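Asks: The structure that follows is given in the form of structure tokens.
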Amino acid sequence: MTLLYLISKLCGVANRRQVTFAGLVVLLLVFPVLSGKALAMDGLAEYEVKSAFLYNFAKFVEWGAQGTAGDQQELGLCILGKDPFGGGMDAVKGRPVKNRRLVVKQINGIDEMGQCQILFISSSEKGRLSEILAAVGRSPVLTVSDIKNFAQTGGVIGFVTIDERIRFDINQAAAERADLQISSQLLKLARSVVQ
Amino acid sequence: MLPLSPFHRLFRDWTIRQKLMAITLLTCGTVLFAATLAFVVHEAISIRREVKRNLAIQADVIGVNVSSAIAFNDSRSATETLAGLRANPYIMGAYIVTSDSTIFARYVAKGVNPASLRIEKPGSDPPEVDRQAFAEIQADADSPWEWDNDLEQIREIVLDGQEIGTIVIFSETMEVLSRVVWLAGALLLISLVGFYLAYLLSSRLQSLISHPVQMLANAVKEVTAAKNYAVRAEVTGNDELGALAIGFNGMLATIQARDEELQDINEEIRNFAYIVSHDLRAPLVSIKGFSSELDSSIKEMQPLLNKCAAALDEKERKQLELILQEDIGEALGFIASSVNRMDGLIGNILNLSRLGRKELKLEPLNMTEIASGILASLAHQIEQKRVTVTMAELPEVIADRVAMEQIMGNLLDNALKYLEPGRDGELSITAEQGDNAVILHVCDNGRGIAQDDMHKVFELFRRAGKQDTKGEGMGLAYVKTLVRRHGGRIWCDSQPGVGSTFSFNVPAPVNPSGCR
């Protein structure tokens, strides 16, 4: 059978052309279905995805020497303001990342930011955003928020929802200020990169 | 002897040269073919391995590039990354499968039916992996031998030490195959060149063996065809063939020496017969002369003895008379007849040796003419004995005219001489064409020759059967010598009381037109 197949291949039997159209049709039908999985997100599911994103961001970001100086066993993910995740963080809590353990903390003020490598700023803090960002300043912290135009305002990563899909913008300048190196893999996925 | 295999029978009649070439080329060809085949198989396996390794590298590179897309659930980005595989025309498709067996992204090359890749569970939405097919693909990918319509490579996608998915790549076997075909083609070309070189070499080198053998064969042919024992085979080297040539030459030298010796002895014997018969005549003449001298002496002595007889008594006179009249006369008569007989015998021997020495004048002869001439001279006898003669048209032969006349004359004369008395004679002369010779038959219905006497008839001074006719037993001896001088043979078939057939062959013109 193999031989027959090879011979037919060698002879260039043009069965392929016939299947090309069918293949394309199948592809067109299947493609929206593939991406559709990410579309149907709402409410709690949205924050489940966001929590997973937060966890995965850690894998594609390199902190400078200062940023990882603290506890070597833990990687702190701090939530500033009202916790929108509900129980969503439980899935990632304690999971390993970069040979550390992800620790999720709820903080109420910027002064509690000591052991945080990732700072999620809840949309409840929308009004105080410039104040918070100023306070973070050049600290080696990856700031993430779903406040509108977060990255454009000076945050490092800002969630955006496009076509019901969760995506993100990255502010490269802000990342550099915080002495963070963001993997090209992550940059490639960003909706837009602010220089 | 062992029965020949069909293989041997095929080559049996080839020349040594052809055999040697065949042996060399067959051996070379087999070795080249085996080596080429082995090399191609080896290369096919290693090319396959290399292609699979390249697939693994490509899969790993893609894996690294899509890990973020998987982490952030961005299948569009992953699909774009996979689409980069388009650059490799041999890749039929690639799938990224997440740990929950859903198909996260896929690339299917233009013209490939996704179903042929087996991995998708038919009808699943969102597309899922057919676990059973996946296990089979996994087995195929792990196998170092599996060689069906595609080559599969499965690699895990790892992010930060965690397995987040699997990438499956399908590649056409064509890539391997086309490279193998190219390689095989190149090797075939090299093999052909090698084979040609082998042919050139062997066609040169085979003469090492075939040349001496050919030389030897030529020498043997020359010896057997031309009976030329002076030829010598060329000794080409100090090997077995050289030894064979030396041995052959030694044998030829011995034969040549013996041949010359025999010729010398033969010559000597002929000369001896001639000289002996010639020289024996001289004393015979003396004996003849002196015996007649003795006779006349006795006759002269007669009157004297008659006078003396008067002095003798009656009894003594009678005794003397008896001696003189009977004993001496009788003795002299015996001497004379013996001398005459011996003279005849010696004359015959002389004739025979002359026949053996006489130069033959070979010319084309019309045998019909010769036979007719002889029959004409025997016409009286033929008429007297009431013989019916039948003669076919006889062919032309190349022979000595006198010798042929003697042969035919003797045979016809014999046939008439030994007819059965009281029966009408029948005589026929026929001929048949043999290989390079004409066979003539002289057939009679005479008294025939007994089987026991058959060997005698051709012998010198020997006669067979009833001695009722005059003869010296010389005729057939002459005939035999003459036929033999012509390189022919004479023989006789006979049945006592029925008749005899004497047959002999003489060389004939091979082709009357003169073309060989």
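Asks: Taking the stated definitions as given, is B:A71 surrounded by fewer than 19 Cβ atoms within 10 Å (Cβ to Cβ) and touching a Leu at 6+ places or on another chain (Cβ under 9 Å)?
Replies: Taking the combined requirement at face value, the residue does not satisfy it.
Asks: Here is a further query. Residue check, A:Q195 against (1) modelled with pLDDT under 90; (2) on the phi < 0 side of the Ramachandran plot; (3) within 14 Å of chain B (Cβ to nearest Cβ), all met but one. Which one?
Replies: All conditions pass for A:Q195, except number (3).
Asks: Going by the structure shown, is B:E293 closer than 30 Å to B:S337 by Cβ and acidic (D, E)? Even if it seems obvious, please write down each step before you answer.
Replies: On the way: closer than 30 Å to B:S337 by Cβ: yes; acidic (D, E): yes.
Yes; evaluated as a whole, the condition is true for this residue.
Asks: Here is a further query. When the residues of the range B:164-206 are filtered to those that are within 14 Å of chain A (Cβ to nearest Cβ) and not in a helix (DSSP H, G or I), which remaining residue is farthest from B:V66 (Cα to Cα)?
Replies: Ranking the qualifying residues of the range B:164-206, first place goes to B:T173.
Asks: Kindly indicate whether B:I370 is among the β-branched types (V, I, T) and touching a Gly at 6+ places or on another chain (Cβ under 7 Å).
Replies: no
Asks: Among the listed residues B:I96, B:I57, B:I103, identify the single one that is more than 9 Å from chain A (Cβ to nearest Cβ), touching a Phe, Trp or Tyr at 6+ places or on another chain (Cβ under 9 Å) and among the β-branched types (V, I, T).
Replies: B:I96
Asks: Can you find, within the range A:158-182, the residue that is surrounded by the fewest Cβ atoms within 10 Å (Cβ to Cβ) among those that are closer than 15 Å to A:G67 by Cβ and in contact (Cβ under 8 Å) with a residue 12 or more places away in the chain?
Replies: A:Q181
Asks: Could you list all residues from the range B:107-155 that are more than 8 Å from every other protein chain (Cβ to nearest Cβ) and part of a strand (DSSP E or B)?
Replies: Those that are more than 8 Å from every other protein chain (Cβ to nearest Cβ) and part of a strand (DSSP E or B): B:Y107, B:E120, B:E128, B:V129, B:D150, B:L151, B:E152, B:Q153, B:I154, B:R155.
Asks: While we're looking at this one, here's another question. May I ask you to list the residues in the range B:209-228 that are touching a residue at least 12 places away in the same chain (Cβ under 8 Å) and either open to solvent by less than 50 Å² (accessible area, probe 1.4 Å) or among the aliphatic types (A, V, I, L, M) (or both)?
Replies: B:I209, B:S210, B:P212, B:V213, B:M215, B:L216, B:A219, B:V220, B:V223
Asks: Kindly evaluate A:L34 against the criterion of being touching a Phe, Trp or Tyr at 6+ places or on another chain (Cβ under 9 Å) and at pLDDT 90 or above.
Replies: no
Asks: Are any residues in the range A:183-192 at the interface with chain B (Cβ under 10 Å from one of its Cβ atoms), open to solvent by 20 Å² or more (accessible area, probe 1.4 Å) and either acidic (D, E) or free of Cβ contacts under 8 Å to residues at least 60 places away in the same chain (or both), and if so, which ones?
Replies: A:S184, A:L187, A:K188
Asks: With the structure loaded, tell me whether B:G63 is within 14 Å of chain A (Cβ to nearest Cβ) and either open to solvent by 90 Å² or more (accessible area, probe 1.4 Å) or at negative phi (or both) or whether it fails that test.
Replies: On the way: within 14 Å of chain A (Cβ to nearest Cβ): yes; either open to solvent by 90 Å² or more (accessible area, probe 1.4 Å) or at negative phi (or both): yes.
Criteria met by B:G63.
Asks: Another question about this same structure. Could you tell me whether the range B:146-162 includes any residue that is touching a residue at least 60 places away in the same chain (Cβ under 8 Å) and closer than 30 Å to B:L32 by Cα?
Replies: yes
Asks: A follow-up question, please. Which strands (runs of 3 or more DSSP E) sit wholly inside the range B:332-405 and have at least 3 residues that are open to solvent by 50 Å² or more (accessible area, probe 1.4 Å)?
Replies: B:362-366, B:387-391
Asks: Going by what's in this entry, would A:P84 be described as modelled with pLDDT of 85 or more and open to solvent by 60 Å² or more (accessible area, probe 1.4 Å)? Steps first, please.
Replies: On the way: modelled with pLDDT of 85 or more: yes; open to solvent by 60 Å² or more (accessible area, probe 1.4 Å): no.
Here the answer is no, as A:P84 does not meet what is asked.
Asks: Tally time: how many residues in the range B:212-243 are closer than 19 Å to B:L20 by Cα and either in the same structural domain as B:L20 (by TED's automatic domain parsing) or under 21 Å from the mean Cα position of the chain (by Cα) (or both)? Break it down into steps so the answer makes sense when it comes.
Replies: Filtering the range B:212-243 down to residues closer than 19 Å to B:L20 by Cα leaves B:212-218, B:236-237, B:239-242.
From the residues that got through so far, the ones that are either in the same structural domain as B:L20 (by TED's automatic domain parsing) or under 21 Å from the mean Cα position of the chain (by Cα) (or both) too are B:212-218, B:241.
The number of residues fulfilling the criteria is 8.
The values are calculated or read from the model by the stated rules, or taken from the named source; none is laboratory data. Small disclaimer: the values here were computed from a predicted structure and weren't measured. All Cβ positions, even for glycine, are placed from backbone atoms using ideal geometry, and neighbour counts span all protein chains on display. What goes into the accessible areas is simple: the full protein's heavy atoms, side chains included, and nothing from ligands, DNA or RNA. Shrake-Rupley method; radii C 1.70, N 1.55, O 1.52, S 1.80 Å.
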